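One structure below.
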Amino acid sequence: METFLCGPSGGTGGNRFLDDISVDLFIIAIQVWSGSYIDAIQLTFDDNSTTEKHGGSGGSPWVTPAFLPGERVIELSGSYGDYIDSLTIRTTLQTFPALGGGGGSKEFRYHIPDNMHIAGLFGASGSYLDALGVFYRQFPA
Amino acid sequence: METFQCGPSGGQGGNRFDDEIPADGVFISQIDVWSGTYIDAIQLTYSDNSRTTKHGGSGGSLSTWALNAGESIIEVYGFCGSYVDSLAIRTNMRNLPTVGGNGGSIQYTYRVPDNMHVIGLLGASGSYVDALGIFFREVSADGTAFTAVLRSTSSCEFELEASWPDDVPVVTVYGEWYFDGTPPAPNGTFVFTTQAPGTGPNAGTIEGNLAHFTAGPLYPSSTAYPWYVLVQFYDASGAQLASIYSNVDTTACANQPGM
């Protein structure tokens, strides 16, 4: 299964991370910790495995409802400066409320075709989520 | 045709830009990049001869790449920090050389699926290109699945191969040959028309979704001249399905003796 990638957007700090996308799994939920910035993000896949929590220990937790069968992530957007300031998640069925703060002078948007899905994330993190990009591929496999 | 987007990567300065996406059927025909220590500026030219704004400043040395018929951008990558430090472009046919400087701590990559191609850029710019991302859409929107490749031999015989997507009912292909000019037609001198399938000295053949033409031998010359062919694809009812230019073949051959 060929995987494509786009990004990242964000600041120059943090340590690089790349989600393991070697197995062809689908995201079924996304957990985000946020306040003035996006503090951290973590994905849950359809085999109930999770990625590492990318980011720090702060922020208020929020999690998407479990996705419906066939529902998939097709867009991540928001704003960034030195960190990822805000994040909006869109699936084929719904758009969730924006998370994070009002800062960030630059807008980013990762919008992929409807017949594909965002399969994982890469970027950089430390105390916050510094930078964010996406892995994406065909759906279904 | 829906357009998708990714990015940008880069610094926080500069003014936002989003290229206006051209109509379906229009594709990128040329890329101009000015660079030095950073990527100073970038500008795209489309197959309808429209151009984007030059995004960036007035510095840097210019690199120009013309894309061949059927050639599409499938990946844009490099390094960035406060600015976009370096840039490399990969097409479905070749890797273009990396331009820019050696700085930038962040590696960025924009890779699109095999049936899609980059159709415009987004990001921010001022004195330099501060940040860069892409717009992309399906190749089939843009007629670039039609191809035309022109080659010449040392004896000034020419060969033209034109192809089209499997699901397109092409039955006749015409080639209008031009000498001593570069597209769009009618730049240069019109030389002759070839037809496939056809009869006579300038006839071509069709096998499957490939048309093959030979022409010449033309006339060896002491000067190299650019040649190109305007290739037109027709269905059984006589309706034109596509019209594309071949690559430009610059070769020491003329359309008449003694040039």
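Below are the figures for this structure:
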| quantity | calculated |
| --- | --- |
| Positive minus negative residues near residue A:40 (Lys, Arg vs Asp, Glu; Cβ under 10 Å) | -1 |
| Spatial separation of Cα centroids for the range A:43-87 and the range B:88-132, in angstrom | 26 Å |
| Three-way shape call for the range B:4-142 based on the alpha-carbon gyration tensor, with the a/c threshold at 1.5 | prolate |
| Two-site label geometry, residue B:199 and residue A:92: point separation in nm, points 7 Å out along Cα→Cβ | 5.5 nm |
| Any cysteine of chain B lacking a neighbouring Cys Cβ under 4.7 Å - listed by number | B:80 |
| Pair residue B:240, residue B:192: separation of 7 Å Cα→Cβ label points (nm) | 2.3 nm |
| Nearest-0.05 FRET efficiency for residue B:222 and residue A:49, computed from C-beta distance (R0 60 Å) | 0.30 |
| Exposed-site-free run, longest, chain A (rule: GluC sites (Glu not before Pro); DSSP loop; at most 16 other C-beta within 10 Å) | A:53-141 |
| Average other protein chain Cβ within 10 Å of Cβ, residues A:108-117 | 5 |
| Candidates B:183, B:220, B:201, ranked by Gaussian network fluctuation over chain B, Cα under 10 Å, top entry | B:201 |
| Packing rank of A:100-106, A:14-20, where each peptide gets the mean count of other beta carbons within 10 Å, highest leading | A:100-106, A:14-20 |
| Simple spin-label estimate for residue B:154 and residue B:37 in nanometres, 7 Å along Cα-Cβ | 4.8 nm |
| Within 10 Å of each Cβ in B:105-115, the average number of Cβ atoms from other chains | 6 |
| Peptide A:97-106, shielding by other chains (average Cβ, 10 Å cutoff) | 2 |
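Here, each number is a calculation from the coordinates, and none is a lab measurement. No experiment lies behind these values; they were computed from the predicted model shown. Methodologically, a virtual Cβ is constructed for each residue, glycine included, from the backbone with ideal geometry; neighbour enumeration extends over all protein chains shown.
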